[in-house]
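Peer 1: First, the structure itself, so that you have it in front of you.
The values are calculated or read from the model by the stated rules, or taken from the named source; none is laboratory data. Worth saying up front: this structure is predicted, and the values here are computed from it rather than measured. Here Cβ is always computed from backbone atoms with ideal geometry, including for glycine, and neighbour counts include all displayed protein chains.
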């Protein structure tokens, strides 16, 4: 799925970010603001709200969460990129606005490599495809593809915005299966799920843990997970390969970024606080239960290189899909 082994991404020793480093900087002296560039109820929002109390404890200041959704995470990410680099605000951005959106026709108002400082990743995010059960009959990926092929552009899929992982994952699915559907962008995952369960849209791609309740409750049906192995959360659901969808890649990750020019001691302290929070057994266990494992063991320099590598891979990959939105 990604070019580095998953285990090396999620668990590398990090001696340079040990807890004692947290005592070396006077920052922060004021509340720390974390901008979530998506609406409430989605993966980024849930992740930030799980981390915030522990990070407030570690940093010794309140951590205030501010949702600024729009344009698939671009609005909130750009907002933080243009703030003063004083350590008062960070953004929990994702693969979507950082790398995927670069491959779309519309120009981005920021360049993550120039206008942001990579601080620390938080979690790795697998992707699954789910269909509504409201007046929609397909029960397998094969039946779904056949239904779509029989009525091009009749059916709709939702995402949290143009260029998001959900958008790219669904568009890539259509292209790779020779089907056509209409994209409906929303302002957050909560709106997408409401549209899916009501039958307003017929399918979406999102995190297995967020789809699990709808799948088990009968409001939606997860057809496959885009991972090499089946999800422990939905063991009865096949992988994409098992479902007959080969060569299909879909995943995301979330990470903290600061405005370019943020002093290195602040970046290092925020990274250390993130690492310490992710290492908390209760938090790490919660993320494992959600199927979004913590990406531990990253210095800011290592995360910055990871981001550069992701941009280099995904920008041409998305452009090659020929998405015109």
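Peer 1: Could you tell me whether residue 225 is buried (at least 22 other Cβ atoms within 10 Å of the Cβ), in contact (Cβ under 8 Å) with a residue 24 or more places away in the chain and within 17 Å of the chain's Cα centre (by Cα)?
Peer 2: Yes; evaluated as a whole, the condition is true for this residue.
Peer 1: OK, next. Being within 29 Å of residue 247 (Cα to Cα), out of contact with any strand residue (DSSP E or B) (no Cβ under 7 Å at 6 or more places or on another chain), surrounded by fewer than 18 Cβ atoms within 10 Å (Cβ to Cβ) and at pLDDT below 95, is that true of even one residue in region 295-313?
Peer 2: Yes - at least one qualifying residue is present in region 295-313.
Peer 1: Continuing with the same structure: Being touching a residue at least 40 places away in the same chain (Cβ under 8 Å), closer than 19 Å to residue 211 by Cβ, surrounded by fewer than 24 Cβ atoms within 10 Å (Cβ to Cβ) and over 16 Å from the mean Cα position of the chain (by Cα) narrows it down to one residue among 136, 124, 144; which is it?
Peer 2: So the residue among 136, 124, 144 that is touching a residue at least 40 places away in the same chain (Cβ under 8 Å), closer than 19 Å to residue 211 by Cβ, surrounded by fewer than 24 Cβ atoms within 10 Å (Cβ to Cβ) and over 16 Å from the mean Cα position of the chain (by Cα) is 136.
Peer 1: Is it the case, given these coordinates, that residue 117 is surrounded by 23 or more Cβ atoms within 10 Å (Cβ to Cβ), modelled with pLDDT of 95 or more and within 21 Å of the chain's Cα centre (by Cα)?
Peer 2: Yes; evaluated as a whole, the condition is true for this residue.
Peer 1: Which ones in region 156-204 are more than 14 Å from residue 96 (Cβ to Cβ), touching a residue at least 40 places away in the same chain (Cβ under 8 Å) and either assigned by TED's automatic domain parsing to the domain that holds residue 37 or out of contact with any strand residue (DSSP E or B) (no Cβ under 9 Å at 6 or more places or on another chain) (or both)?
Peer 2: Listed by number, the residues that qualify are 175, 176, 177, 190.
Peer 1: Of all residues in region 130-148, which are out of contact with any helix residue (DSSP H, G or I) (no Cβ under 9 Å at 6 or more places or on another chain) and part of a helix (DSSP H, G or I)?
Peer 2: 142, 143, 146, 147
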